[in-house]
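Only the coordinates and a few stated rules stand behind these numbers; no lab work does. Just so you know, these numbers come straight off a predicted model, no measurement behind them. Positions of Cβ are backbone-derived with ideal geometry, glycine not excepted, and every protein chain shown enters the neighbour counts.
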Amino acid sequence: TDLGAMPPSFVAPPPEGAVSEGNSQPTPALATSPPGFLPGSVEDADDAAVGTPDPPSAESVQNVSMRGTEQPEDIRLSAALEGPFTLRGELMHCFVSYRVVTEGPSGNKLAQRIAKRIRGMSIEPSKHQELHIPEHGRGIWPRCAKRPVPYRPDQAKVFLDTECLLDGQSWLAGFVQGLVVSMTFVPLLSWTEDDQGSLGELSKIGVNGFDRIDNVLLEMILATAFREDSRFAVHAILPVIVGAAAEGGGFGTFPFHKLARLSDEPSRATNALAATILRQLGLGEDKVQDVVRLSVKQVVDSVLRNQGVYASASGDVESECAAKVLTTVLQEMRR
């Protein structure tokens, strides 16, 4: 089901009351001193999945939050940009963002299932030919990412961290470069009954002063900033709204009313890291400061304003999402 205009429930009503503090499942850690960000060769890369690093300590979060004065050679994010984006250059057709413990290998594996369906649907010979990627839009597989096995040059190029991160490269380096060259940002937005999921976990930020670097929030902040700069590949944001798992399969109703619980204050740790990355990529200080001031709720609202897909309780969720992603990619190619 398409999410056309934002429904009234997306407008945050008054807070529902105090939220209990909790940090049930940590997000993957960000390296506080990542290695060089120069892209490497993927010719000899194997297809081993990348493990989840340890959660950040309070000290590491503080260190990352203070990194705005680092010199470009310390992070080398500028290596991700070697010129204006072109369909004949290095690109990913989409970037799938998700919470590991709910939509990743530790959860229902929805991210992996959607990524696999996007690639398959883009090359199916007997049907969905209208969703095949035309030759002029196939681009080149990015040096910053590992190729899936098996790989076909004519299939849609999907960035999924568990499949694409290069061995020996930091998670932060890999995902930023992958996002820089991705045409469509596809965040899986979930909120389970026990307040887990990509958005459910965000509701804990700001409660009793709690803060942390949240990778899902960081990806949303960067994607929205990249879309506003023509040097980056991001042209569209396609949210996939995921409710709690329903009995008998599929997903239930998404609890839109809970969006009111998201903080009206920034996640200072996450925003500080986003600001450092954006400075390294050459964004002006005015735009960087706009990002620093974004509250958690504002970031999520900016993503939900985009037309997306509602993961329903019935039907083929993976195919529905894949078709919408490919349609969006092809539309952007024609613009």
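For this structure, a couple of remarks:
- Cα gyration tensor shape of region 197-335, rounded if a/c is under 1.5, else prolate or oblate by comparing a/b with b/c: oblate
- Its Cα gyration tensor gives region 220-269 an equivalent ellipsoid. The semi-axes, each the square root of 5 times an eigenvalue, are 29, 18, 8 Å from largest down.
- The calculated pair-distance distribution of region 118-276 uses every alpha carbon pair, bins of 5 angstrom beginning at 0, and gives 1, 8, 14, 16, 18, 17, 13, 9, 4, 1, 0, 0 percent.
- Cross-link table LYS109/LYS204; LYS109/LYS258; LYS127/LYS258; LYS258/LYS324; LYS109/LYS287, entries beyond 28 Å C-alpha to C-alpha: LYS127/LYS258; LYS109/LYS287
- Across region 99-186, Cα-Cα distances exceeding 23 Å account for 24% of all pairs.
- Looking at region 168-245, the chymotrypsin sites (Phe, Trp or Tyr not before Pro) that sit in a DSSP loop and have at most 14 other Cβ atoms within 10 Å of their own Cβ are PHE210.
- Other-chain or far-sequence residues with amide H under 5 Å of SER97's (modelled H): VAL186, LEU188
- log10 of Debye I(q)/I(0), alpha-carbon scatterers only, for region 157-219 at 0.15, 0.23, 0.29 Å⁻¹: -0.59, -1.02, -1.22
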